[in-house]
Amino acid sequence: MNLQEESREIFVPGRLCIFGEHSDWAGRNREFNPAIEPGMAIVSGIEQGIHAWIEKDNKFEVISELGGERKSFSMSMSVRELRKTAEEGGYFSYMAGTASYMKEHYHVGGVKIRIDDMTLPMKQGLSSSAAICVLVVKAFNILYDLNMSTHGIMQAAYRGEQRTPSRCGRLDQACAYGVKPVVMIFDGSEVDVERLVVHENFYWVFANLNASKDTIKILADLSKCYPFAQDATARRVQEALGVKNQEIIRRAVTYFESGDVKAMGRLLTEAQELFDTYIAPACPSQLTAPVLHSVLNDAVVQNLTYGAKGVGSQGDGTAQFLAKDEESQKELIRYLTEKRGMDAYGFTIKRQRRIRKAIIPVAGFGTRAYPETRVTKKEFFPVVDKDNLIKPALMILLEELDRAGIDKICLVIGKEEQEMYKSYFERSLSEEHIQKLPEQMKSYEDRILQIGSKLQYAIQEERKGFGHAVYQCREFAGNQPVLLLLGDTLYESGCGVSCIEQLLDAYEKEGKLAVGLAEIPVEQTGKYGIVSGKWEDTAERLMKVSAIVEKPSVGTAEESLSVMMANGEKKYFMVFGNYVLTPEVFDELGKSIEAGKTRSGEYQLTDALDAVREKYGMIGYRIDGRAYDIGNPAAYRKTVSEFGIQRKTEIVI
Ligand code: UTP
């Protein structure tokens, strides 16, 4: 038995339709009337969802332990029986319907699902039933290595739910994409999904109004307007769910991309106005929605938000709000719950950075750490992390990259080292070994494999220096900016933002070759890459770099590399160990390598950086944090004893 057959924890979020409700079924009418416009919606997974444990089994078994109440259901993996249970409706019908679909279309046995937490409010237009169906498909997908695409998971969940009396829409299964917004396009029976890029944090709140609405009546009245409009009201409904909705979606995509939170808020309010004037007249008894409008017009709510609108089928069901910031989000949840008697929840659509790739050269022989490096690469030297696990230093670094949203990491390694890395990152331990591990360590096994799935390797045939190692990643970088880290340095932030993210944020703002900086005493300049320039901000963090020199003598540093501080002091700054490389750096490295321009037999990165700086400019960012070197005895000793204890900016060398 391998890890795949162990019990695994999974989470499936609920989903919230931000814009474009009703356009899923409306767009489907193109099958009957081609004059109808395709539907479009923006849907996001939310932070509330279903937590479950899954494992392989011969049967299909579901145990739900919610609110202290245990419900269970178990049956053979017979398609006929599962379908029968699905048709009967009720709590387990979604799961049975989806399991029947999986059994019919894939080569699978049974699964056991234990739902142990559900933070998703039921029956509030958040599609908890679709989340349950997605959970079942994901369980089969993981346990039987089906390798399904997210789109495939979504489709199977939809087909599974179709086997029950409940009729879900096509946008419900967007929760398969996680807590990220997607654009869905509904063209007849076709559904297309595109992920959105988000360049600012969006602090959303949704609230159950604790009023009432009749979804069946809303859907019945609106669908009378399709497929052929019989009167002016129906024509306006088709226009609102067609061209006008498409325009709203296009604008929302732009606002997500540009991070324009205020414009997004105004758009929410505008979409509600459109709904009220064009769609509500088709079902006034439900869509006039007095409770919804009273909360939308509430002065306290308006003060805390940039805009708001209804959710799902609309009416007096659920409302959504775009809070001004994190604090307003908390305040709004408090207000809606305590003063307006509603159930309010927050979810944040997080900003994604443009940089998604990182390079870590780890091919060096590590001579300063000899003789241990005869048997252990220094990247595998043990360090106790903050969670009290002893980890290879490289894992600590990789976890930080993972948290910073980096999804592809290229390790530069020697030819003979590939097997060792693959065995660490791709193979799980023997069952006997796993059984002996406590729970925290068992789940860390999964973490290693999950991080391993982000890794790629570039081979450095001959150890010709750091610059040469970086150059081996030119194809991996593929003409995009990439993050570069040293393989033998760990980082600890002195503020709430990790050292890596501080540099990434600086790059996002400036769009130029970027290097992290740390202050050092002048006597040590001869050991490092030294950076000089002028501060661009009053906090003296962002520097316009005017020179970068590899290991200058103290004399040279004093003469030309000091940095003038606002208080008149002269200080010296070294590279901290993190960089954002622009594509031009690879061009410069290529030129040096072709020309055979080495220093002490090695190709240096610093020379290429300086050439790019001269042509295109370069920024330095003084990192609030601490770097820990593990590549020499004194530094390693200090790192082992001090890593994990927060200090002010300092380099352990
Ligand atoms: P170092 O300058 O620390 O070199 O490399 P090193 O070989 O690891 O160690 P010493 O100096 O011999 O003790 C900085 C980073 O660049 C990688 C190293 O693995 C380390 O992560 N590197 C260095 C390569 O990948 N290839 C090289 O040719 C040189």
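The values are calculated or read from the model by the stated rules, or taken from the named source; none is laboratory data. Keep in mind that what you see is a predicted model, and the values were worked out from it rather than measured. All Cβ positions, glycine included, derive from the backbone under ideal geometry; neighbour counts span all protein chains shown. Protein only, heavy atoms only, side chains kept; ligands, DNA and RNA dropped before computing areas. Shrake-Rupley method; radii C 1.70, N 1.55, O 1.52, S 1.80 Å.
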Accessible-area composition of the range 435-480, carbon plus sulfur, in percent [1.4 Å probe]: 47
Candidate lysines - alpha carbon under 21 Å from LYS386, same-chain residues fewer than 8 apart omitted: LYS378, LYS442, LYS638, LYS648
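Quote the charge dipole size of the range 345-390 about the Cα centre in Debye, to the nearest 20; the model charges only the Cβ of Lys and Arg (+1) and of Asp and Glu (-1). List each step's numbers first, then the result.
Values: 11 positive and 4 negative charges, 95 e Å.
In total the dipole reaches around 460 debye.
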Given charges at beta-carbon only (K, R positive; D, E negative), |dipole| of the range 326-469 in Debye: 600
Peptide ranges 257-268, 68-79, 12-23 listed from the most packed, as the mean C-beta count within 10 angstrom indicates: 12-23, 257-268, 68-79
Within the accessible area of the range 355-430 (1.4 Å probe), percent carbon and sulfur: 52
For the chain, calculated [θ]222 nm from helices alone, where every DSSP H run of n ≥ 4 adds -39500 (n - 2.57): -10500 deg cm²/dmol
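For the ranges 171-178, 113-120, 433-440, what's the packing order if you count other beta-carbon atoms within 10 Å of each residue, average per peptide, and put the highest first? If you can, show how the numbers build up before the last one.
Values: 171-178: 27.4, 113-120: 17.8, 433-440: 10.8.
Those peptides, ordered most packed to least, come out 171-178, 113-120, 433-440.
Find the relative contact order for the chain and round it to a whole percent, using C-alpha pairs within less than 8 Å whose residues are 6+ positions apart. Don't skip to the answer; put the middle values down first.
Working: 1375 pairs, mean separation 75.7, N = 653.
Relative contact order of the chain: 12 percent.
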Extension gain, ASN201 back to VAL243 (0.36 nm per residue minus Cα-Cα distance, nm): 12.3 nm
Accessible carbon and sulfur surface of the range 197-329 relative to its total accessible area, %, 1.4 Å: 51
LEU66 long-range amide H proximity, modeled H, under 5 Å: LYS71
Ranked packing of 342-350, 387-395, 415-423, most packed first, by mean Cβ within 10 Å: 342-350, 387-395, 415-423
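Taking the Cα centre of the chain as origin, sum charge times position over the Cβ atoms of Lys and Arg (+1) and Asp and Glu (-1), and report the length of that vector in debye to the nearest 20.
Values: 82 positive and 92 negative charges, 61 e Å.
Charge dipole of the chain: 300 debye, to the nearest 20.
So, for the chain, what is the accessible surface per residue at a probe of 1.4 Å, expressed in square angstrom? Write out the running numbers ahead of the final one.
Numbers: 28320 Å² over 653 residues.
I get 43 Å² per residue for this part.
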